[in-house]
Amino acid sequence: MKITHAEIIVCSPTRNFVTLVVHTDEGIYGLGDATLNGREMAVVSYLQEHVIPCLTGKDPFNTEDTWQFLYKGAYWKRGPVTMTSIAAVDMALWDIKAKALNVPLYQLLGGKSREKVLVYCHANGTDPHHTLEEVEKHIEMGYKAIRVQSGIPGMRGTYGVAKKGEKYEPATPGLPQQYEWNTEKYLSFVPRLFEMIRNKIGEEILLLHDAHHRLTPIEAARLGRELEPYHLFWLEDPVSEELQESFRLLRRHTTTPIAVGEIFSSVFDCHLLITEQLIDYLRMTVLHGGGITHILKTAHLAEIYNVRTGFHGATDLSPVTMAASLHLDLSLHNFGIQEHMPHEPLVDEVFPHAYFFAGGYLYPGDAPGLGVDINRQLAGKYPYRPAYLPINRRDDGTMWNW
Ligand code: CS2
Ligand code: MG
């Protein structure tokens with residue numbers, strides 16, 4: 001079997017997605033997600049100009065060699081644009097291979113280690129009581145694990161909180177929106193939020209929280225320690241994660257489990273975090289982390305050091321990524337939990353898929369390959385719209401992590 005050509009479909013059914021479709025001389029094609037929120041066209045250009053011309057004639061079954069060709073052959077290795085581009089090709093080739101062998105992808109990854117994939121949803125509110133209502137609503141929906149984010153008194157706009165009555169979507173058309181940040185208000189508020197929620201719902205539901213890269217290590221240590229009575233499943237992105245050593249300080253002070261990695265793009269961003277057991281869950285995904293080939297190697301390294309997976313699953317990762325993640329989630333021994341932000345119904349129409357939600361779990365389904373497709377005609381009705389993620393400034397105007 002040979003690759004004949006590849007196409008890129010950029011569409012915006014409620015939000016932007018970039019999809020690579022790799023075609024072969026046997027009529028089988030594979031899909032890869034290539035969406036990088038706020039930087040979509042950088043990946044489109046990298047694929048169009050520097051990757052797709054090299055694919056023609058390659059054997060799509062040679063996933064390892066193609067991965068190494070695209071990684072080592074780049075010379076300028078790693079980074080989110082390069083690794084998202086490599087990921088899109090890699091996902092598509094694995095999709096082709098599993099379709100050609102007529103098996104669901106998980107059968108090529110080691111088969112089933114479980115029958116279903118535990119997921120966590122997002123509950124967010126403009127204030128603590130609205131947030132509690134959202135938590136209780138998601139418990140009713142059957143979720144066993146819930147990420148809790150709330151508006152913070154005295155702060156205009158907070159990460160992870162939708163405007164009243166709207167679905168949460170961080171990227172907005174036009175130039176970046178500016179948010180404000182006050183660490184002290186956040187640190188004094190969050191423990192009280194979880195105290196109130198735990199007192200109301202008890203201990204059974206798994207609770208998670210995303211600090212979204214905004215604390216210093218000692219601030220994160222204080223938060224982790226003050227959250228210990230409420231037994232979080234994890235505290236996510238507590239600090240800006242460029243300096244892996246900074247997690248040593250955090251780890252010394254708290255037993256609250258740590259999750260990090262949705263912005264990582266290779267094992268080199270996290271090998272210290274893994275080998276020194278500085279984290280409990282790795283969030284790097286098949287989309288931004290170099291594809292199935294690289295995620296498998298990284299997850300297998302993590303298994304040795306008691307680090308489990310907790311793949312990123314926000315709505316700015318397309319159903320193609322969700323499908324690929326679920327096949328990995330079903331098979332990896334050290335699977336931890338999968339993020340589940342359900343896409344809008346229109347997105348599910350553009351990307352028909354086999355996976356489904358039931359009783360707090362996702363199931364990848366048994367369709368051959370990834371089990372996801374793209375409806376070109378429908379996708380074509382929703383052209384790309386430039387959009388930016390927000391920026392964040394502290395009260396005094398200092399630029400900060402969003
Ligand atoms: C968030 C993401 O889901 C999460 O944990 O950190 O929603 C993140 O903000 C977006 O994916 C950024 O595009
Ligand atoms: Mg996050």
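The values are calculated or read from the model by the stated rules, or taken from the named source; none is laboratory data. Small disclaimer: the values here were computed from a predicted structure and weren't measured. We place every Cβ from the backbone using ideal geometry, glycine too, and count neighbours over all the protein chains shown.
Restricting to the stretch 298-353, and then to whatever is among the aromatic types (Phe, Trp, Tyr) and closer than 24 Å to Cys270 by Cα, can you tell me which residue is nearest to ligand 2 (Cβ to nearest atom)?
Ranking the candidates gives Phe311 first.
Would you check which residues across the stretch 311-343 are farther than 18 Å from Tyr363 by Cβ and of a type in the set (Gly, Ala, Ser) and list them?
Ala314, Ser318
Suppose we keep only residues that are of a type in the set (D, E, K, R), within 16 Å of ligand 2 (Cβ to nearest atom) and not in a loop (DSSP other than H, G, I, E, B) within the stretch 227-271. Which one would you say is surrounded by the most Cβ atoms within 10 Å (Cβ to Cβ)?
Here the residue is Glu236.
Would a scan of the stretch 175-198 turn up a residue that is surrounded by 20 or more Cβ atoms within 10 Å (Cβ to Cβ) and assigned to a loop (DSSP other than H, G, I, E, B)?
No, the stretch 175-198 has no match at all.
For the stretch 295-394, which strands (runs of 3 or more DSSP E) that fit wholly inside it have 1 or more residues that are within 16 Å of ligand 1 (Cβ to nearest atom) and touching a residue at least 60 places away in the same chain (Cβ under 8 Å)?
361-363, 391-394
Which of the residues belonging to the stretch 130-147 are at negative phi and touching a Gly at 6+ places or on another chain (Cβ under 9 Å)?
His130, Thr131, Leu132, Glu133, Glu134, Val135, Met141, Tyr143, Lys144, Ala145, Arg147
Every residue in the stretch 236-274 that is among the polar types (S, T, N, Q), more than 16 Å from ligand 1 (Cβ to nearest atom) and over 18 Å from Gly336 (Cβ atoms), please.
Listed by number, the residues that qualify are Gln244, Ser246, Thr254, Ser266.
Collect the residues in the stretch 108-150 that are away from ligand 2 (no atom under 16 Å from the Cβ), basic (Lys, Arg) and in contact (Cβ under 8 Å) with a residue 40 or more places away in the chain, keeping them in residue-number order.
Of everything in the stretch 108-150, those that are away from ligand 2 (no atom under 16 Å from the Cβ), basic (Lys, Arg) and in contact (Cβ under 8 Å) with a residue 40 or more places away in the chain turn out to be Lys112, Arg114, Lys116, Lys144.
Mind listing whichever residues of the stretch 354-398 are within 16 Å of ligand 2 (Cβ to nearest atom) and either within 19 Å of the chain's Cα centre (by Cα) or among the basic types (Lys, Arg) (or both)?
Selection gives Leu389, Pro390.
What number goes with the only condition from (1) more than 19 Å from Pro80 (Cα to Cα); (2) within 16 Å of ligand 2 (Cβ to nearest atom) that Met284 does not pass?
Single failed check for Met284: (1).
Within the stretch 135-161, can you find the residues that are out of contact with any helix residue (DSSP H, G or I) (no Cβ under 9 Å at 6 or more places or on another chain) and either within 19 Å of Asp237 (Cβ to Cβ) or not assigned by TED's automatic domain parsing to the domain that holds Leu215 (or both)?
Passing the criteria: Ala145, Arg147, Gly157, Tyr159, Gly160.
Going by the structure shown, is Tyr179 modelled with pLDDT under 95, among the aromatic types (Phe, Trp, Tyr) and within 19 Å of the chain's Cα centre (by Cα)?
Spelling it out, it is not the case that Tyr179 is modelled with pLDDT under 95, among the aromatic types (Phe, Trp, Tyr) and within 19 Å of the chain's Cα centre (by Cα).
Under the condition of being part of a loop (DSSP other than H, G, I, E, B) and in contact (Cβ under 8 Å) with a residue 40 or more places away in the chain, which residue from the stretch 205-226 is farthest from the chain's Cα centre (by Cα)?
Ile205
Kindly indicate whether Pro104 is of a type outside the set (Lys, Arg), surrounded by fewer than 20 Cβ atoms within 10 Å (Cβ to Cβ) and either touching a residue at least 24 places away in the same chain (Cβ under 8 Å) or not assigned by TED's automatic domain parsing to the domain that holds Trp234 (or both).
Taking the combined requirement at face value, the residue does not satisfy it.
Output the number of residues of the stretch 151-166 satisfying the condition of being over 16 Å from Pro390 (Cα atoms), touching a residue at least 24 places away in the same chain (Cβ under 8 Å) and surrounded by fewer than 17 Cβ atoms within 10 Å (Cβ to Cβ).
Residues in the stretch 151-166 being over 16 Å from Pro390 (Cα atoms), touching a residue at least 24 places away in the same chain (Cβ under 8 Å) and surrounded by fewer than 17 Cβ atoms within 10 Å (Cβ to Cβ): 3 in total.
Given the conditions (1) in contact with a Ser or Thr (Cβ under 8 Å, 6 or more places away or on another chain); (2) under 15 Å from Met91 (Cα atoms), which single one is not true for His333?
The failed condition is (2).
Go over the candidates Gly73, Gly57, Gly38, Gly27 one by one and state the one that is under 25 Å from the mean Cα position of the chain (by Cα) and either at positive phi or at pLDDT 95 or above (or both).
Within the list Gly73, Gly57, Gly38, Gly27, the selection yields Gly38.
Can you confirm whether Leu193 is within 16 Å of ligand 2 (Cβ to nearest atom) and either in the same structural domain as Arg308 (by TED's automatic domain parsing) or within 18 Å of Thr298 (Cβ to Cβ) (or both)?
The answer is no for Leu193.
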